[in-house]
Amino acid sequence: MSTFNFKEDITWKDFFIRMAIIIGTVATIVWSMPRDSRNYYYAELGKPWKYGELTAPFNFPVYKSEAKVKQERDSIFSSFEPYFTLDKTIEGTQVSKFTAKYKEGIPGLPNDYISIIANRLRKLFQQGIMGAADYSKLAGKDTARTIRIVHGKNASSVPLRNIWSTKAAYESLLNDPALEPHRQILQRCNFTDFIVANIIYDEERSSATLSDLLNNVPLASGVVQKGQKIIDRGEIVDEKTYRTVESFRKESARRSGDMTQKKIVIFGESLYVTLIVIFFTVYLSLFRKDYFENPRCIAMLYSLIIIFALLTSLMVRNTIGHVYLLPYALAPIIIRIFMDSRTAFITHFGMIAICACMLQHPFEFLILESAAGMAAIYSLRELQYRSQIFKTALIVTIVSMLMCFANELMQSTELHAIDWSNYNYLIVNGILLLFAYPLLYLIEKTFGFVTDITLIELSNSNTPLLQRMSEVAPGTFQHSMQVANLAAEIAKKIGAKSQLVRTGALYHDIGKMDNPIYFTENQSGVNPHENLDYIDSARIIISHVTEGLKLADKNNLPTIIKEFISTHHGQGKAKFFYIKYKNEHPDDEVDDLLFTYPGPNPFTREQAILMMADSVEAASRSLPNYTEQSIRDLVNRIIDGQLADGFFRDCPLTFRDISYAKTVLIEKLKTIYHTRVNYPTLKQ
């Protein structure tokens, strides 16, 4: 059983790079996530609820409306009895002040009027006199209201109408039946100096009592229990439901504003996303280690996860449509085309698991999008025709709708209760999947990938480069066509990428167009190498690799095709001229680099297949006779020699693959070079 060994599988540098990728991905996603996706609901009174079923995720109070709270507080204000203090000392002070001033009597009145007026003043003070400003303020609101007068430690409620204002007390004194006949004389006495308020407003006690009463006004009219259904899609939002939804939004906002609660939520989200991203990274480290050697693969995989998480967060934050409008199945389609099906599924599942935590109903979302992703992966094996994208989009849409219908049946008791609006979103989702075709072109250019469609376009013999090769170097063109067919058959047999190796084979010798006459397949009786020394001949032969790379750059061929040009001879030697030189100069020390191709050796199965097919096809033309044994011996000798020289050391080619390759080459060459029957001539 194989195990993962850190020291053997990755270096510390690789480890830190992967940790940086994980941290960057998690930080970006968590930063973008809404702290509570269920906050983003907007209820419209009297209109249908346009979101999915809303269930209370926690206990929260149903808050009253601001108008209702204001009404209750205004009621308290109107019925509130302000506190006043009765100062009994004022009565004696003011009466004594009056009698002292008029101890000699009031001019024009008998002396006994002093005692009469003093008696009337005592009665007024005993009933209570309030300042004109305080009295007007209270009487202006409600003349029937009461106040509370504090006597020491006791307080009693007294109707306001039983209290005098300073102005009313003055008028009452002058209108007294015993004093009214002498009004003009009494007005000169300036009684306003003696009639002052003895009921004083107690602001501190009144404010404290009123504040307590207002604080006791309940802001909520009930409580919603965790798990309780609030409203479902399509239901009309009545006043009660509206208040419940608004209370939920307010409570969620309060919780998110609580720094302690906010830190807990962020920590939970970070832990959740980190675990998913770590699992995804471990999967790549264990089963797709080669992707880490190709930065474009890693960039695309993690970018897709981040992009769809950001789009989901954007839609949830701003309530832009329904989340089912997002074509999540695009991710597995893209990864399946450029990479492999297992990675497509793992990436898709990790991506939707992250997006699900932002939604109100994560379970339904996970099930539906998982089914859609699997349908996309299974229906798209190799992209060779544009119609395949249409078929995949159709299959994904049908599977999504069926899964949605199944979920509705499990949750609804009656068919008429099923919410059909989700199916509209899924249809739009399927239409958006058709944008995968133009999107593939952008991804090809951005990340340097190549699709089968591009390879098919490049393998068209009417492309300018191949057309020119057929005219300038027809022998090389025919050789390339033959090698392409042989290599494609081998690839099909061992499960490699047949279209890739076919296209690479068509372009592997384009460098021969620079000096076509120097290559045997283009010669017609004249061999220019006869006038050159072996080193110059080897240099010209070897240069078709470097010239091919220059021509590939000039014609903007993909990197993956250029790799076939540079590896189809690996770091082998131009053996014909090398052996000739060695035989003629046995005592001289030979500089092997003068006869060695620049390489590198093949590092993919497809490149190794091309090397085998190219060498065998070229050598087969030199056989003196074509028998099964001669072809078998040729194939075994060439491929065994390449294996012995270590050309396949850097590519994941097994002995089983090599054995199948030999079998295919032998059978195909036997078919190509079979002996034809001689047709008889007609006797005259």
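The values are calculated or read from the model by the stated rules, or taken from the named source; none is laboratory data. Source: prediction; values computed, not measured. With ideal geometry, Cβ positions are generated from the backbone for all residues, glycine too; neighbour counts draw on all protein chains shown. For the accessible areas, the whole protein counts, side chains as well, though only heavy atoms, and no ligand, DNA or RNA atoms are used. Shrake-Rupley method; radii C 1.70, N 1.55, O 1.52, S 1.80 Å.
The number of residues in region 201-222 that are open to solvent by 80 Å² or more (accessible area, probe 1.4 Å) and either more than 58 Å from the chain's Cα centre (by Cα) or at pLDDT 85 or above (or both) comes to 5. Selection of helices (runs of 4 or more DSSP H) fully inside region 553-642 by the criterion of at least 1 residues being farther than 17 Å from ALA538 by Cβ and touching a Cys at 6+ places or on another chain (Cβ under 6 Å) returns 605-620. Screening LYS229 on (1) out of contact with any Asp or Glu (no Cβ under 7 Å at 6 or more places or on another chain); (2) more than 30 Å from PHE77 (Cα to Cα); (3) loosely packed, with under 14 Cβ neighbours inside 10 Å shows it passes everything except condition (1). Of the residues contained in region 574-592, none is found to be within 54 Å of the chain's Cα centre (by Cα) and either open to solvent by less than 60 Å² (accessible area, probe 1.4 Å) or modelled with pLDDT under 90 (or both). The single condition among (1) within 19 Å of ILE276 (Cα to Cα); (2) open to solvent by less than 50 Å² (accessible area, probe 1.4 Å) that PHE363 does not satisfy is (2).
Counting just the residues of region 135-159 that are basic (Lys, Arg) and free of Cβ contacts under 8 Å to residues at least 24 places away in the same chain, which one comes out surrounded by the most Cβ atoms within 10 Å (Cβ to Cβ)?
So the first thing to find is which residues in region 135-159 are basic (Lys, Arg), and the list is 137, 141, 145, 148, 153.
So of that shortlist, the ones also free of Cβ contacts under 8 Å to residues at least 24 places away in the same chain come out as 137, 153.
Details: LYS137: 12, LYS153: 5.
Across region 135-159, the extreme among qualifying residues is LYS137.
The listed residues are ARG183, ARG205, and the only one of them that is part of a helix (DSSP H, G or I), free of Cβ contacts under 8 Å to residues at least 40 places away in the same chain, farther than 30 Å from GLN360 by Cα and out of contact with any Ser or Thr (no Cβ under 7 Å at 6 or more places or on another chain) turns out to be ARG183.
ASN190 passes every criterion in (1) open to solvent by 40 Å² or more (accessible area, probe 1.4 Å); (2) modelled with pLDDT of 85 or more; (3) under 16 Å from VAL95 (Cα atoms) apart from (2). A single member of LEU275, LEU284 is at pLDDT 85 or above, of a type outside the set (Ser, Thr, Tyr) and in contact with a Phe, Trp or Tyr (Cβ under 7 Å, 6 or more places away or on another chain), and it is LEU284. In the set SER387, SER370, SER379, only one residue is of a type outside the set (D, E, K, R), touching a Lys or Arg at 6+ places or on another chain (Cβ under 8 Å) and open to solvent by 10 Å² or more (accessible area, probe 1.4 Å); that residue is SER379.
Is it fair to say ASN162 is among the polar types (S, T, N, Q) and either on the phi > 0 side of the Ramachandran plot or open to solvent by 50 Å² or more (accessible area, probe 1.4 Å) (or both)?
yes
Please verify whether PHE349 is among the hydrophobic types (A, V, I, L, M, F, W, C), open to solvent by 40 Å² or more (accessible area, probe 1.4 Å) and in contact (Cβ under 8 Å) with a residue 24 or more places away in the chain, treating the condition exactly as stated. Against the criterion (among the hydrophobic types (A, V, I, L, M, F, W, C), open to solvent by 40 Å² or more (accessible area, probe 1.4 Å) and in contact (Cβ under 8 Å) with a residue 24 or more places away in the chain), PHE349 qualifies.
Within region 239-265, no residue that is modelled with pLDDT of 80 or more sits with its Cβ atom under 7 Å from a residue that is open to solvent by 60 Å² or more (accessible area, probe 1.4 Å) and assigned to a helix (DSSP H, G or I) at 6+ positions apart or across chains. Within region 434-457, the presence of a residue that is modelled with pLDDT of 90 or more and not acidic (Asp, Glu) is excluded.
Listed by first and then second residue, the pairs with beta-carbon distance under 9 Å, at least 6 apart or on different chains, first residue in region 532-546 and under 21 Å from LYS562 (Cβ atoms), second among the basic types (Lys, Arg) and open to solvent by less than 50 Å² (accessible area, probe 1.4 Å), are HIS544/LYS512. For region 403-415, the count of residues that are within 25 Å of the chain's Cα centre (by Cα), outside any loop (DSSP other than H, G, I, E, B) and at pLDDT below 90 is at least one.
Those helices (runs of 4 or more DSSP H) of region 417-466 in which 1 or more residues are within 19 Å of VAL501 (Cα to Cα) occupy 436-447, 452-458.
Considering only region 250-270, I want to know if a residue exists there that is in contact with a strand residue (DSSP E or B) (Cβ under 7 Å, 6 or more places away or on another chain) and open to solvent by less than 70 Å² (accessible area, probe 1.4 Å). Taking every residue of region 250-270 in turn, at least one turns out to be in contact with a strand residue (DSSP E or B) (Cβ under 7 Å, 6 or more places away or on another chain) and open to solvent by less than 70 Å² (accessible area, probe 1.4 Å).
Taking the numbered list (1) under 28 Å from TYR673 (Cβ atoms); (2) in contact with a helix residue (DSSP H, G or I) (Cβ under 8 Å, 6 or more places away or on another chain); (3) open to solvent by 50 Å² or more (accessible area, probe 1.4 Å); (4) at pLDDT below 90 in turn, LEU532 passes all entries but (1).
Among the conditions (1) closer than 27 Å to MET339 by Cα; (2) open to solvent by 20 Å² or more (accessible area, probe 1.4 Å), LEU557 misses just one, which is (2).
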